[in-house]
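*Asks:* Pasting a structure here, questions to come.
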Amino acid sequence: MESTASGSTERAGLIALVSGLFLITSIEALVPALRGAVPASAAPGVFAHMVDFAYKSLREPLTYGAAVVVAEVVLKLAKPKKSWPRLAAHAALAAALVGHAYLTLLRYEEFKEHPILALPYVLAVLFFTALGASLGWPRVRRVGAHVGLAAFAVLHALNHAILPDSYFTFHLSLFELTFAALFLGLVHALVRRARIGRGWLVGTAAVAAALGTMPYVAKTHGGKTLPPSLLHTLLGRLQVVYAPFTEGSEGPPVPKEPDPEGVPRFKSLSGLPTIPPEVRLQDFNILLIESEAFRFDRTSLAREELETTPNLRELERAGAFVFTNAHSPSSATLPSNAGLMSMTYPSATRLDAWSRSWCGELSQDETTVAEVLRQAGYSTFRASHDFHFGFTDNLLGFEQGFDEQVLVPEATKEDGLTLDRRIAEHAADFIRARRDKRFFGWVFFASPHEPYYTRYDDWPKETNEQKYLHELRYVDEQVGFLMQTLKDEGLFEKTIVVFLADHGEELGDHGGKGHKTLYDECTHVPLVVRIPGLAGGRRAEPTSTIYTFPWLFLQGDAATVAAAEKRLVEDIGPMMKATSGAVVSELVAYDKMSTALVYKDGKVIYNFIADAAVAFDLVRDPREKVDILVSQPDSPKAKELLDAVAAYRKVRRAMHRYTLNPKKRPSHAKWKEAKDGE
């Protein structure tokens with residue numbers, strides 16, 4: 001017997017649960033295929049995995065849907081004369097659903113410090129209460145269907161558009177609410193039918209049975225294209241929430257194998273020029289100038305017409321080496337500087353990584369560049385930004401080896417507008433005070449890190465990218481100021497000047513912003529080195545900023561040579577040998593453990609948590625848009641890059657020294673105190 005419209009809510013609910021699950025997983029499987037990221041042949045396997053993931057990730061909204069069906073059956077049998085039992089039942093169900101979604105959000109510790117985020121969840125409770133309760137009000141079912149399905153479409157689109165590679169608990173939380181909106185919208189749409197007959201139920205049962213087999217299919221459906229295909233789906237990437245990385249995830253330990261040929265191998269594969277033996281490091285001061293979030297392709301070194309970095313161009317004209325394919329050791333400040341100052345890969349440093357990829361502590365047992373140079377007789381100083389008091393509270397251990405240092409805070413917009421100039425002035429004072437001494441100075445500017453400030457009235461300033469160019473120009477002015485200081489003090493021809501960045505910055509290149517991935521825009525940085533007396537020039541071979549100090553130290557006295565050789569023989573040499581000279585960038589965090597291996601003609605980004613990779617042919621695809629592990633899984637280039645990943649992992653298992661401490665959270669107390677005192 002077939003139900004009437006007024007009696008079909010429970011049937012509509014069951015059909016909506018099954019069809020909703022089928023619809024949302026189909027979308028997840030098809031979107032990357034439509035974008036060209038995944039071949040059509042991989043779609044069945046991707047779909048099976050999406051269903052498998054959905055059973056885990058959408059367990060609560062699926063339970064919510066079943067509970068709505070049960071509630072409607074009970075209300076139908078009880079036939080309450082008042083509307084409040086219906087409202088109360090759906091309010092309780094909505095509160096449980098949304099409450100779980102909010103707790104999912106808070107699995108990322110940082111969100112706990114922003115109670116304002118609870119407000120949209122309160123509104124969501126009201127929304128789902130109204131949408132659920134209105135199932136019993138025939139006059140609003142058309143509106144309910146439109147509202148529910150429109151909410152699903154908007155929320156799902158936002159989930160894919162907003163920082164798709166970051167804040168995974170936010171995306172998972174939104175996924176839960178998105179499915180609930182889809183479910184209720186479908187129920188409203190289905191219950192408007194005059195009849196939901198046996199054919200609907202048989203079809204639904206068949207689909208449900210097929211969906212029930214998908215976890216088994218996911219386990220048995222392999223193929224070379226499947227693992228990397230899953231990284232192109234949002235639901236696939238969200239599985240990191242359930243499987244954070246631990247130190248044991250590196251795999252079984254293997255013996256460490258030093259490379260006796262590490263030094264000559266480095267000279268051959270580093271992409272750095274040979275420095276004449278008559279150039280002695282101890283004859284020069286060393287000034288390291290570093291900048292935050294400074295991508296190479298927006299500089300005048302890459303595109304002179306931008307006029308963003310005329311002082312870096314002037315440094316090039318003064319005889320500097322310009323490395324046009326240099327990469328930072330990480331896309332996060334903490335591991336990048338740990339690698340730079342320790343002259344090795346971030347995973348090989350004694351780094352304690354906390355709950356965020358940018359916060360933690362470099363061990364006092366680690367030997368830093370500053371300590372080596374101080375031992376060699378250099379007077380050392382550090383003038384650095386203290387953005388949001390980060391280096392005071394959350395990026396620790398970098399004071400090692402410095403005779404003097406100053407951390408310049410930025411807590412307000414007014415601070416930010418003058419921050420780098422104040423850093424430059426402190427650095428200039430340190431330089432003047434060391435006019436008659438050999439010195440090593442580390443100057444670290446905050447710009448062009450977000451927030452991007454408008455600084456020049458004669459430049460466009462409507463978009464974030466345009467403001468980003470303002471910040472590059474501002475940093476470049478500080479570089480010019482420091483170069484003029486060296487000249488005024490008669491030190492320009494006595495000082496090796498190094499300019500580099502801790503990482504780059506994404507400006508929507510791969511759908512996000514900031515610097516949370518290992519795509520080119522987040523690791524391809526300027527590296528400019530001027531050694532007085534050398535002609536310099538441009539070098540296009542891939543290289544790493546962590547090679548800079550070993551390269552220079554090999555020209556020094558016994559202490560610096562020994563420090564460089566130790567790293568080259570124990571860490572860099574073995575990695576170069578195993579990976580045929582790959583330039584390595586790493587993210588070291590419990591929820592973002594990944595590595596990029598860069599070659600002149602190819603690149604692979606390996607995700608440890610997913611145990612999968614994406615790879616690119618840089619000759620045909622320099623913007624890293626087409627994953628050849630999916631589009632050309634049997635190509636020699638794909639095999640070569642995957643073999644490099646396997647070799648990298650083996651060497652890393654032997655040399656990694658980092659620790660993970662995800663329960664250690666960053667402190668923002670000083671920053672909040674300063675902001676409150678504005």
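*Asks:* How large, in percent, is the carbon and sulfur part of the accessible surface of the stretch 221-340 at a probe radius of 1.4 Å?
*Replies:* On the way: 2390 of 4420 Å².
Carbon-and-sulfur percentage of accessible area, whole number: 54.
*Asks:* As a check on your grasp of the helix formula, calculate [θ] at 222 nm for the chain: sum -39500 (n - 2.57) over DSSP H runs of n ≥ 4, divide by the residue count, round to the nearest 500.
*Replies:* Per the formula, -15000 deg cm²/dmol.
*Asks:* Quick check for you: with a 1.4 Å probe and neighbouring chains kept, what is the accessible area per residue of the stretch 389-445, in Å²? Can you show the working numbers first?
*Replies:* Working: 2230 Å² over 57 residues.
Normalised by residue count, the accessible surface of the stretch 389-445 is 39 Å².
*Asks:* Okay, moving on. Based on the Kirkwood radius over alpha-carbon pairs, what value in µm²/s does the Stokes-Einstein equation return for the translational diffusion coefficient of the stretch 271-313 at 37 °C and 0.692 mPa s?
*Replies:* My calculation gives 248 µm²/s for D.
*Asks:* On to the next question. Rounded to two decimals, what is the ratio between the C-alpha radius of gyration of the stretch 490-590 and 2.2 N^0.38 Å?
*Replies:* That ratio works out to 1.28.
*Asks:* Then there is this: In whole Å, what are the Cα extents of the stretch 349-398 along the three principal axes, biggest one first?
*Replies:* Extents along the principal axes: 37, 23, 12 Å.
*Asks:* Over all Cα pairs of the stretch 369-434, how is the pair count split among 10 Å bins, expressed in % and running from 0 up to the last occupied bin?
*Replies:* Final binned percentages: 21, 45, 28, 5, 0.
*Asks:* Classify the stretch 424-530: rounded, prolate or oblate, from the alpha-carbon gyration tensor (a ≥ b ≥ c, eigenvalue square roots; a/c under 1.5 rounded; otherwise prolate if a/b is larger than b/c)?
*Replies:* Here the stretch 424-530 falls in the prolate category.
*Asks:* Find the accessible area per residue for the stretch 534-586; the probe is 1.4 Å, ligands and nucleic acids are left out, and the unit is Å².
*Replies:* 29
*Asks:* For the stretch 135-281, with equal point scatterers placed on the C-alpha atoms only and solvent neglected, what are the log10 I(q)/I(0) values from the Debye formula at q = 0.09, 0.13, 0.14, 0.18 1/Å, to two decimals?
*Replies:* -0.59, -0.92, -1.00, -1.22
*Asks:* Which Rg and Dmax, in Å, describe the Cα atoms of the stretch 58-112?
*Replies:* Calculated on Cα positions, Rg and Dmax stand at 14.3, 47 Å.
*Asks:* Is the shape of the stretch 401-472 rounded, prolate or oblate, going by the alpha carbon gyration tensor and its root eigenvalues a ≥ b ≥ c, with a/c under 1.5 for rounded and a/b larger than b/c for prolate?
*Replies:* prolate
*Asks:* Starting from the residue with the highest accessible area, list Lys82, Lys592, Lys664 in decreasing order, probe 1.4 Å.
*Replies:* On the way: Lys82 140, Lys592 35, Lys664 90 Å².
The residues order as Lys82, Lys664, Lys592, largest area first.
*Asks:* Would you please name the trypsin sites (Lys or Arg not before Pro) within the stretch 459-497 that are DSSP coil residues with at most 16 other C-beta atoms within 10 Å of their C-beta? It would help to have the intermediate numbers written out before the result.
*Replies:* Working: sites: Lys461, Lys467, Arg473, Lys487, Lys494; in loops: Lys461.
Within the stretch 459-497, the qualifying trypsin sites (Lys or Arg not before Pro) (loop, at most 16 other Cβ atoms within 10 Å) are Lys461.
*Asks:* Which of rounded, prolate or oblate describes the stretch 359-516 when judged by the alpha-carbon gyration tensor and an a/c cut-off of 1.5?
*Replies:* Since a/c reaches 1.5 but b/c is at least a/b, the shape of the stretch 359-516 is classed as oblate.
*Asks:* Could I ask something else about it? Using a 1.4 Å probe over the heavy atoms of the protein chains, calculate the carbon and sulfur portion of the accessible area of the stretch 117-181 as a whole percent.
*Replies:* Values: 2130 of 2700 Å².
Accessible surface attributable to carbon and sulfur in the stretch 117-181 totals 79 percent.
*Asks:* Let me ask something else about it. Can you tell me the equivalent ellipsoid semi-axes for the stretch 276-408? Use √(5λ) from the Cα gyration tensor, largest first, whole Å.
*Replies:* 26, 21, 15
*Asks:* Hey, how many Å between the Cα centroid of the stretch 352-405 and the Cα centroid of the stretch 557-571?
*Replies:* Between the Cα centre of the stretch 352-405 and that of the stretch 557-571, the gap is 20 Å.
*Asks:* Rank Arg620, Arg538 by accessible area, highest first, at a 1.4 Å probe radius?
*Replies:* Putting Arg620, Arg538 in descending order of accessible area: Arg620, Arg538.
*Asks:* Follow-up. Where Rh is the Kirkwood radius over the Cα pairs of the stretch 65-156, the temperature 20 °C and the viscosity 1.002 mPa s, what D in µm²/s does Stokes-Einstein return?
*Replies:* Answer from the Stokes-Einstein relation: 148 µm²/s.
*Asks:* Using only the alpha-carbon atoms, what does the stretch 112-222 span along each of its principal axes? Please give whole angstrom values in decreasing order.
*Replies:* Cα spread of the stretch 112-222 along its principal axes, largest to smallest: 51, 49, 20 Å.
*Asks:* Moving on to the next point. Can you give me the % of accessible surface on the stretch 361-412 that is carbon or sulfur? Probe 1.4 Å, all protein chains present, nothing else counted.
*Replies:* Of the solvent-accessible surface of the stretch 361-412, carbon and sulfur hold 42 percent.
*Asks:* Return, for the Cα atoms of the chain, the radius of gyration and Dmax in Å, separated by a comma.
*Replies:* Cα-based Rg and Dmax for the chain come out at 28.6, 99 Å.
*Asks:* Where does each of Glu72, Glu462 land when they are ordered by accessible area, with a 1.4 Å probe and the largest first?
*Replies:* Putting Glu72, Glu462 in descending order of accessible area: Glu462, Glu72.
*Asks:* Using the membrane-span-like helix rule (whole DSSP H runs, Cα extent along the own axis of at least 18 Å, mean Kyte-Doolittle hydropathy at least 1.6), which helices of the chain qualify?
*Replies:* Sorted by number, the helices that extend far enough and score high enough are 118-133, 168-191.
*Asks:* Determine the percent antiparallel among the DSSP beta bridges restricted to the chain, to the nearest 5.
*Replies:* Once the DSSP bridges in the chain are tallied, antiparallel ones form about 45 percent.
*Asks:* Moving to a separate point now. Using the structure shown, select from Lys566/Lys664; Lys467/Lys664; Lys577/Lys603 the pairs with a Cα to Cα distance greater than 23 angstrom.
*Replies:* As for pairs spanning more than 23 Å Cα to Cα, those are Lys566/Lys664; Lys467/Lys664.
*Asks:* Over the stretch 121-202, give the accessible area per residue in Å² for a 1.4 Å probe, as an integer.
*Replies:* Spelled out: the 1.4 Å probe surface of the stretch 121-202, per residue, equals 42 Å².
*Asks:* Just going by the charge dipole of the chain, with Lys and Arg at +1 and Asp and Glu at -1 on Cβ, which of Leu126, Ser544, Val588 is farthest out on the positive end?
*Replies:* Leu126
The values are calculated or read from the model by the stated rules, or taken from the named source; none is laboratory data. Note that the structure is a prediction, hence the values are computed from the model and not measured. Positions of Cβ are generated from backbone atoms using ideal geometry, with glycine treated the same way; all protein chains shown enter the neighbour counts. Side chains included, ligands, DNA and RNA excluded: accessible areas come from the protein's heavy atoms. Shrake-Rupley method; radii C 1.70, N 1.55, O 1.52, S 1.80 Å.
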